[in-house]
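Throughout, read-outs are computed from the coordinates displayed, never taken from laboratory work. Because the structure is a prediction, the values reported are computed rather than measured. As a convention, Cβ positions derive from the backbone with ideal geometry for all residues, glycine included, and neighbour counts pool all protein chains shown.
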Amino acid sequence: MFLVPSRALQKNSSPAIVILDIETSGLDPNTDSISLVGIADEQGIHQYRTAVEAALYLRALSQDSILLTYNGLAFDYSFLDKNMPPNQPFPRFQKHIDLLPIAETHFKHRVSKDAACHNLGIWLPADPASGADCASFAKQAFRPLMSFEKVCLHNAQDLYATRALYEKFKALGVIKNESPT
């Protein structure tokens with residue numbers, strides 16, 4: 001587990017926001033694997049190597065929290081469920097806001113998280129690794145170990161970007177309430 005202070009990620013709000021993002025070795029949950037599961041909450045950033053470890057942490061959180069993802073419903077959960085024991089799906093929250101459909105409606109086409117941030121004027125520091133780099137590192141079993149550190153940093157930046165997009169969409173009135181998608 002990799003812990004980072006989360007002042008920039010979590011603001012005092014009720015209900016709490018929990019942000020989820022995964023890194024994988026590719027795009028197909030049937031042939032590729034999870035290399036990292038990142039979760040940000042008021043305690044900080046928590047990074048796990050397996051879906052089972054991340055599920056244990058999420059089950060301990062209040063189900064009143066809002067789960068925030070970017071393409072989590074279609075992509076992340078397909079991998080997370082596939083990597084759980086039989087008859088034990090990855091935890092769901094009553095309130096789940098997936099920002100990808102919101103961004104698609106706002107921009108009138110499919111847009112990556114990074115492109116959405118750029119188009120909305122959200123500054124992100126230089127990313128130490130792209131999503132494709134993360135997949136390549138995972139397929140090479142993280143040789144050298146420094147590549148795993150880059151994946152952790154990339155994941156933390158994705159968590160931050162997801163929160164920043166959520167705040168920007170709220171400020172623009174695109175998200176009017178915290179209803180699930």
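Here are the numbers:
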| item | result |
| --- | --- |
| Environment charge at residue 46 (Cβ cut-off 12 Å; Lys +1, Arg +1, Asp -1, Glu -1) | -3 |
| Ranking of 49, 163 by count of other Cβ atoms within 10 Å, fewest first | 49, 163 |
| Simple spin-label estimate for residue 112 and residue 92 in nanometres, 7 Å along Cα-Cβ | 3.1 nm |
| Helix-only [θ]222 nm of the chain, DSSP H runs n ≥ 4, -39500 (n - 2.57) each, per residue, nearest 500 | -11000 deg cm²/dmol |
| Residue of 108, 139, 150 that the Gaussian network model of the chain assigns the largest fluctuation, springs spanning Cα pairs under 10 Å | 108 |
| Most mobile of 73, 159, 56 in a GNM of the chain (Cα contacts under 10 Å) | 56 |
| Long-range HN-HN contacts of residue 24 with modeled amide H, under 5 Å | 35 |
| The range 17-171 - percent relative contact order, Cα under 8 Å, separation 6 or more | 27 percent |
| Sequence of 37, 174 once ranked by neighbouring C-beta atoms within 10 Å, starting from the fewest | 174, 37 |
| Cα shape, the range 72-181, gyration tensor, a/c 1.5 rule | oblate |
| Residue 122-residue 27 FRET efficiency (beta carbon distance; Förster radius 22 Å; 0.05 resolution) | 0.35 |
| Residue with peak Gaussian network fluctuation, the chain [Cα springs, cutoff 10 Å], from 85, 29, 101 | 85 |
| Local net charge near residue 77, Cβ-Cβ under 14 Å (Lys/Arg +1, Asp/Glu -1) | -2 |
